[in-house]
Amino acid sequence: MRGFVTRLTWLVWLTGWVGSLVLVAAFTPAAVVETHAAAQTRPTAAVRMAMNEESYREVLPGVETFETEDGLYKHIRGYRSDANGDNELVGFVYLTQDLGARSRGYIGLIPILVGMDLRGRITGVKILKHFEPYGYRSINLPEFRAQFEGKSIFDKFAVGADIDAYSGATITTVAATKSIRHASRRMAREFLVRKTESPEPHE
């Protein structure tokens, strides 16, 4: 009998605790919820600090100077001097989150720095600070990142097709691959397709 009373008391306490959570959720302004959700998609200070010229050169080699382009699709442009000493655009560097990539891994968004040349080919990929539990055996591996080098925006970018799957880390690898694909095709649509009049890549 005593055990039954104990369990009943615990149930009453738990019900009251859950009810409190429900009340809090019910009276939480929608604007607060939306603001919190938006904050989750913004790059953290640690991610921004990891974005510097050294990291830019890792993903876009052969560049002499960089210029940041603000706006709806924030990115970095890489230049080098041509035969006449003028600045020649080499390609782009961009953070997947800045281009609207929202594919989530186990823990959340995976910030990825990507380089792309003027032909719409990936020149490099760098995984920035993340909290994926299985990243050490998947997206952190050099061979994972190397798969993207030279890939065209018209390629599939699909785990199990042209990107290797990693056992036990499927969610992480799929999220990272989708983010790179989405951001790269967005960059091409906005800054390459209009200039080259190439067919628009499909998502």
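Nothing in this text is a laboratory measurement; each read-out follows from the coordinates by a stated rule. Computed from a predicted structure; not experimentally measured. When we count neighbours, we look across all protein chains shown, and the Cβ atoms used for this are built from the backbone with ideal geometry, even at glycine.
Observations on the model:
- Counting charges near Gly168 (Lys, Arg +1; Asp, Glu -1) among other residues having Cβ under 15 Å from its Cβ returns a value of -1.
- Theoretical FRET efficiency, 1/(1+(r/R0)^6), r = Cβ-Cβ of Arg80 and Glu143, R0 30 Å, to 0.05: 0.55
- Applying a DSSP loop filter and a limit of 15 other Cβ atoms within 10 Å to the GluC sites (Glu not before Pro) in segment 48-93 leaves Glu64.
- For segment 87-137, diffusion coefficient by Stokes-Einstein and Kirkwood Rh (Cα), 4 °C, 1.567 mPa s, µm²/s: 106 µm²/s
- Structure note, pairs Lys126/Lys178; Lys129/Lys151; Lys129/Lys156: Cα-Cα distances above 22 angstrom occur for Lys129/Lys151; Lys129/Lys156.
- Taking trypsin sites (Lys or Arg not before Pro) across segment 97-191, the ones in a DSSP loop with at most 14 further Cβ atoms lying within 10 angstrom of their Cβ are Arg102, Arg119, Lys129, Lys156.
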